[in-house]
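Before any comments, here is the structure.
The values are calculated or read from the model by the stated rules, or taken from the named source; none is laboratory data. What you see is a predicted model; the values in this text were computed from it and never measured. Here the Cβ is made from the backbone with ideal geometry for all residues, glycine too, and neighbour counts use every protein chain on show.
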Amino acid sequence: MKKKIKGLGLLLAVAMVFSCLLTGCTSKEPALTKVTVNEVTHSVFYAPQYAAINLGFFEEEGLEVELSVGQGADKVMAAVLSGSVDIGFAGPEAAVYVYNEGKEDYAQVFAQVTQRDGSFLVGREPVENFEWSMLEGSHLLPGRKGGVPYMTLEYVVKQNGLIPNEDVLFDDSIQFALMTGAFTAGTGDYVTVFEPTASMMEEEGKGYVLAAVGAEAGEIPYTAYFASKSYLENNQETVQKFVNALYRGQQWVASHTPEEVAQVIAPSFPDTSEELLAKSVKRYQEIDAFCTDPVMKEESFQLLQTVMTEAGELSQQAPYDKIVNNTFAQEAIASGETGK
């Protein structure tokens, strides 16, 4: 009887060893929670996001971020409202439009990433001492009417004494994603583009950066994350983790050189050299484009609505406390989630 028990024990031990070889005896890592994000475009302008992804900050929070590109804030918002993505990443003006339409499950902004316009005015010839008055009588490709890039540029042109579509043609007939191609093919005298496209155009001799729209326009909540009110209510833990990781990315970018940032975000831009990425990051850092924390300030939000009103796109202002939800951003800061 003892021999049988010993034999059975030996068989069990062998079975356990074999099982370990097949499946591993160490405890499995908990599965990452997937969060789908639709970004308005793919740009160095969003360096804090790519830094947080590539440095593993999201993974450390237990999240896997899946990115897609919407090519327009209206398209990003449509994806959020349809439920095809969890989070939108675009201009917060989209959330204002939706709220004013009276939608019950409207979108709320929960984290800001950029605080200035990220586009650069590109011309066909280099100009040493460019002045905005030089645009008079020209043909300009500004983006989609009603979008923040268009409205901010319109605001800057007006501030410099020119009237859009009287003194300078604002040609909005070309889709945002196709503007660079249209310009290089010969359409228009000027175009507004983001980095690294602006630096790539210069490198290829297809255009020259003349001015940073953001430097002229001043501080404005330009790009932010938003989600439906119901998503934020039902996924508070996930959203908090997301903002924690983002804040670490913001802090990391703020405390590192353009070259260091370029090296980290390079995997997100496989077709662009690190030298060109560093040039792009430097341009954004020089105009203070990146937010160092995810909180959207009320005065900044009100300036956005002023720009929208002056552009003729907003007849009724939306309440700050309805559109902006700073709860997650404030918690991230309070918990000391930094990426230094």
>> Under 6 Å between Cβ atoms, which residue pairs at least 6 apart in sequence (or on different chains) link something in segment 45-60 that is assigned by TED's automatic domain parsing to the domain that holds residue 284 with a partner that is surrounded by fewer than 17 Cβ atoms within 10 Å (Cβ to Cβ) and not aromatic (Phe, Trp, Tyr)?
In response: 54/267
> Here are 274, 260: which of them is out of contact with any helix residue (DSSP H, G or I) (no Cβ under 7 Å at 6 or more places or on another chain), more than 23 Å from residue 211 (Cβ to Cβ) and charged (D, E, K, R)?
Replying inline: 260
> Within segment 54-67, how many residues turn out to be part of a strand (DSSP E or B) and loosely packed, with under 15 Cβ neighbours inside 10 Å?
Replying inline: 2
> Does segment 287-294 contain any residue that is touching a Leu at 6+ places or on another chain (Cβ under 7 Å) and either crowded, with 17+ Cβ neighbours inside 10 Å or under 25 Å from residue 44 (Cβ atoms) (or both)?
Replying inline: yes
>> Suppose we filter 248, 283 for residues that are under 26 Å from residue 64 (Cβ atoms) and buried (at least 17 other Cβ atoms within 10 Å of the Cβ); which single one remains?
In response: 248
>> I'd like to check something: does segment 108-117 contain any residue that is surrounded by fewer than 17 Cβ atoms within 10 Å (Cβ to Cβ) and out of contact with any Asp or Glu (no Cβ under 6 Å at 6 or more places or on another chain)?
In response: no
> Within the bounds of segment 122-135, is there any residue that is crowded, with 22+ Cβ neighbours inside 10 Å, within 28 Å of residue 265 (Cα to Cα) and of a type in the set (A, V, I, L, M, F, W, C)?
Replying inline: yes
>> So for segment 226-246 (the condition being small (Gly, Ala, Ser) and assigned to a loop (DSSP other than H, G, I, E, B)), does at least one residue qualify?
In response: no
>> Let me confirm something: among 98, 157, which residue is within 18 Å of residue 309 (Cα to Cα), without any contact (Cβ under 8 Å) to a residue 60 or more places away in the chain, within 24 Å of the chain's Cα centre (by Cα) and surrounded by 14 or more Cβ atoms within 10 Å (Cβ to Cβ)?
In response: 98
>> I need the full set of residues from segment 161-183 which are among the aromatic types (Phe, Trp, Tyr), assigned to a helix (DSSP H, G or I) and in contact with a Pro (Cβ under 9 Å, 6 or more places away or on another chain), in order please.
In response: 176
> Out of the residues in segment 40-88 that are of a type in the set (Asp, Glu) and modelled with pLDDT of 95 or more, which is farthest from residue 238 (Cα to Cα)?
Replying inline: 66
> Quick one: how many residues across segment 106-118 are small (Gly, Ala, Ser) and under 15 Å from residue 73 (Cα atoms)?
Replying inline: 2
> Within segment 204-213, is there a residue that is farther than 25 Å from residue 266 by Cβ, touching a residue at least 40 places away in the same chain (Cβ under 8 Å) and either part of a loop (DSSP other than H, G, I, E, B) or among the basic types (Lys, Arg) (or both)?
Replying inline: no
> Which is buried (at least 22 other Cβ atoms within 10 Å of the Cβ) and farther than 25 Å from residue 324 by Cα, of 242, 183, 226, 170?
Replying inline: 183
